[in-house]
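In what follows, a structure is listed as structure tokens, so that the remarks can point back to it.
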Amino acid sequence: MDFSRRSLIKSGLGLALGSALPKLLPVPGLASDNTRDPLPVAGVTTVYRKNSHADVILGKILEGYQQYGGPGPRLRLVSLFTDQVAANDLSRDLARKHGFRLSRTIDDALTLGTDRIQVAGVLSIAEHGEYPLTDVTRQRMYPRRRFFDEIVATFKRCGQVVPVFNDKHLDYRWEDALAMVETSRAMKFPLLAGSSLPVAWRQPANELPDQCEIEEVLTIGYGGFEDYGFHALEAQQCQIERRRGGETGVAAVRTITGDAILKAEAAGTFSRELFEAAQRAKPQSLDGKAAWQPQTDSAAYLIEYRDGLKSTVVMANGLSNYFATAIKLKGQQEPVVTWFKLQEGPPFGHFAHLVNAIDDMVHQQKTPYPVERTLLTTGILDRVMQSLAGEGKRIETPELAIAYSPTAWPFANHPDSKLDLPND
């Protein structure tokens, strides 16, 4: 089966799905371009504990962007489903404080026990909690596809659809991610996905010009190869998608580790200049540090784009604790270097900018930036993990021939940003 279905994604039609679906319409009267009244939303999450993704996303709906009762999004959390209730769960106390419904099923969270959708949007947050790893690639099997399928089942039962947000990558399996996007296209509901990195602060506040010519890009990240590797991929993708011709997808992926990283650099597989430039992106990032020696917890993702762009993501554990990109533009001697600045403690303000994008989607009933970005980064990440398990095998990726054009949604310190929040 050809999982790319490039023409299917571009046309927004799911032929096999669409022929079997009833005619589904958005919930009437809940949102329009002319209203900013708070709209009801449902939360669907794995766990709700302090500083979990549920807390730093849904908590901003409950208690404002700074999570102390100040200004917040024009949304109201009216129901919540939690797949697991941990010993340090917050949801039960928060339900008593804020009066939202604790639902035993996802269907109940969307319908409040009726035969109609009672919310204007759904936030699916499957991050954190006790879930097993896949046997070979060691990916965390978060139930993102299961949550999505249960949301869709309720849409079909009620004959209505509303916008859906899916936190981080769409699923740990590329095939499931593609099915989710195809389903949203066939049923014609907005699907927003991804992490907070594309909307976080950028230092300096760089935005590449539209239709720029990029010769090479390198991104530095840190942390786990899957969960934090996704952040690095999104930080990179949200910039390079602005290059001439728009995004056309990825042809091949290879993951190397340890000493192979330095050998690849020495052989010119990726640019030493860009690697050193990305290291300097965060102020004082190199103070007092010796030369980096990659360990077993370091990796480089070598990504070959279909239009010839050479891309590398270095998960430089032991060197960096930040995300930064260095981009070589044609005809420009110095690389464009950007540090993606995060607020590393509560209330984790970069998530406020993600919530603002969700707010916009629910009110406008359209996605502020394309889900194809996250579909592509999800596919790259899955193949990265497969190459890692295959000891650095190069994997050709014809299924990742995903073409899309970017939109002009502003990041945190962009002049057009609607929010002015501290980032310290």
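The values are calculated or read from the model by the stated rules, or taken from the named source; none is laboratory data. Since the structure is predicted, the reported quantities are computational estimates derived from the model, not experimental observations. Positions of Cβ are generated from backbone atoms using ideal geometry, with glycine treated the same way; all protein chains shown enter the neighbour counts.
Scan the stretch 58-88 for residues that are farther than 12 Å from Val44 by Cβ, in a strand (DSSP E or B) and either over 23 Å from the mean Cα position of the chain (by Cα) or modelled with pLDDT under 95 (or both) and jot them down. Residue satisfying the conditions is Val78 alone. Of all the criteria given as (1) in contact with an Asp or Glu (Cβ under 9 Å, 6 or more places away or on another chain); (2) more than 30 Å from Phe165 (Cβ to Cβ); (3) of a type outside the set (Lys, Arg), the one not satisfied by Ala260 is (1).
Report yes if Val337 is assigned by TED's automatic domain parsing to the domain that holds Val217, at pLDDT 95 or above and closer than 20 Å to Asn423 by Cα, otherwise no. When the stated conditions are applied, Val337 passes them. Pairs meeting the criteria (first residue in the stretch 350-371 and farther than 15 Å from Ala193 by Cβ and surrounded by 22 or more Cβ atoms within 10 Å (Cβ to Cβ), second residue at pLDDT below 95 and small (Gly, Ala, Ser), beta carbons under 9 Å, at least 6 apart or on different chains) are His353/Ser417; Asn356/Ser417; His363/Ala31; His363/Ser32.
Pairs meeting the criteria (first residue in the stretch 59-85 and in the same structural domain as Val119 (by TED's automatic domain parsing) and of a type in the set (Val, Ile, Thr), second residue in a helix (DSSP H, G or I) and buried (at least 16 other Cβ atoms within 10 Å of the Cβ), beta carbons under 6 Å, at least 6 apart or on different chains) are Thr82/Ser91. Filtering the stretch 372-385 to residues that are crowded, with 24+ Cβ neighbours inside 10 Å and within 10 Å of the chain's Cα centre (by Cα) leaves Thr374, Leu375, Thr377, Thr378.
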